[in-house]
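Trainee: My questions will all concern the structure given below.
The values are calculated or read from the model by the stated rules, or taken from the named source; none is laboratory data. All of these numbers come straight from a predicted model, not from anything done at the bench. Cβ placement follows ideal geometry from the backbone for every residue including glycine, while neighbour counts extend to all protein chains displayed.
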Amino acid sequence: MAYAPVVTVLLECSALSVRRGRRTVLEGVDLDLRAGEAVHLAGPNGSGKTSLLRVLAGLAEPPVGRVRRHGVCAFVPERIALAPALRGGEWLRAMRGLRGLQATDWGAAVTAGGLDEAVLDRPAATLSKGMLQRIALVEAIHAGCPVLLLDEPFAGLDADGRAWLAGEIGARLDEGAATLLTDHSGAAAGRVRLAGVLDARDGRCERRPAPAALAAAVAHVTVVASHPDGRRIERAVPAAASDAVLRTLLAEGWRVEELRP
């Protein structure tokens, strides 16, 4: 699916204040999130990152400032909470209907995401935090939304899961979507091509370019992978081509063990 936004900016806010409870945690936030770019929302714990994502997603109202969305947002929180008896497949089908989208093959989708198709028939109460997170990520990715708002999406994922998610984010960016994500794990570095960093600190947000050192470090990355038939590879590939390489390996049954600069 190729996006053709009317405007390049898909999400913007100006002079935004963000509250957590009764306390203001961020003030004067300005952001333009453009088609094809991923921005890392950084900052220490408690700095207001999750609260900002909730405001940008429309789940909370800002006391000051405004948010303009030039496309639908898909928000995946760090902690996924579903009704205990609700089955994974039921939730995915319900979300598809709420978004007004046609039915899709969720079995193939969750399998590509590294899950056993059986999770679709299991109650949420029997699924681990990581399984619930990956189901939510699968839903958001397949929703085709122009904006992905992801709170710690790499946390709890194994090497295969991180490679899968990085590849999917890269594909969405190639199609003209935009992503704002938090990442305490550090897994996005070298896996997602970041256009910049939005640093939340001391009640303010400052937009700055992605570190030049990082850009230089990831000119090439090394992919380490093994196959069920016993084959093993360790291959250096250009960082710009790494998403495509990872997608090909996963599709051919390889297990990605490591991705390093």
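Trainee: Have a look at Gly97, Gly28, Gly36 and point out the one that is surrounded by fewer than 19 Cβ atoms within 10 Å (Cβ to Cβ), small (Gly, Ala, Ser) and in contact with a Gly (Cβ under 6 Å, 6 or more places away or on another chain).
Mentor: On the way: Gly97 fails: in contact with a Gly (Cβ under 6 Å, 6 or more places away or on another chain); Gly28 fails: in contact with a Gly (Cβ under 6 Å, 6 or more places away or on another chain).
It is Gly36.
Trainee: Another question, then. Residues that are surrounded by fewer than 17 Cβ atoms within 10 Å (Cβ to Cβ) and at pLDDT below 80: find the strands (runs of 3 or more DSSP E) completely inside region 190-261 holding 2 or more of those. Reasoning before the result, please.
Mentor: Values: elements: 194-201, 204-209, 220-226, 232-238, 255-260.
Here the list reads 220-226, 232-238, 255-260.
Trainee: Applying the selection to region 44-61, what residues are buried (at least 20 other Cβ atoms within 10 Å of the Cβ) and not in a helix (DSSP H, G or I)?
Mentor: If the condition is that a residue be buried (at least 20 other Cβ atoms within 10 Å of the Cβ) and not in a helix (DSSP H, G or I), then Ser47, Gly48 are the ones that fit.
Trainee: I'm trying to understand the selection: among the residues of region 54-106, which are more than 25 Å from Arg23 (Cβ to Cβ) and of a type in the set (Phe, Trp, Tyr)?
Mentor: Passing the criteria: Trp91, Trp106.
Trainee: Return the pair list, or none, for Cβ contacts closer than 7 Å from residues in region 1-16 that are surrounded by 12 or more Cβ atoms within 10 Å (Cβ to Cβ) to residues that are modelled with pLDDT under 90, at least 6 apart or on different chains.
Mentor: Pro5/Gly71; Leu10/Gly71
Trainee: Also, quick follow-up: Can you tell me which residue is surrounded by the most Cβ atoms within 10 Å (Cβ to Cβ) among those in region 132-162 that are in contact with a helix residue (DSSP H, G or I) (Cβ under 6 Å, 6 or more places away or on another chain) and in a helix (DSSP H, G or I)?
Mentor: Ile135
Trainee: Select from region 103-117 the residues that are assigned to a loop (DSSP other than H, G, I, E, B) and in contact with a Lys or Arg (Cβ under 8 Å, 6 or more places away or on another chain) and write down the one among them that is surrounded by the most Cβ atoms within 10 Å (Cβ to Cβ).
Mentor: Step one: of region 103-117, the residues assigned to a loop (DSSP other than H, G, I, E, B) are 103-105, 113-116.
Keeping just the survivors that are in contact with a Lys or Arg (Cβ under 8 Å, 6 or more places away or on another chain) gives 103-104, 113-115.
Working: Ala103: 8, Thr104: 14, Gly113: 22, Gly114: 20, Leu115: 20.
Across region 103-117, the extreme among qualifying residues is Gly113.
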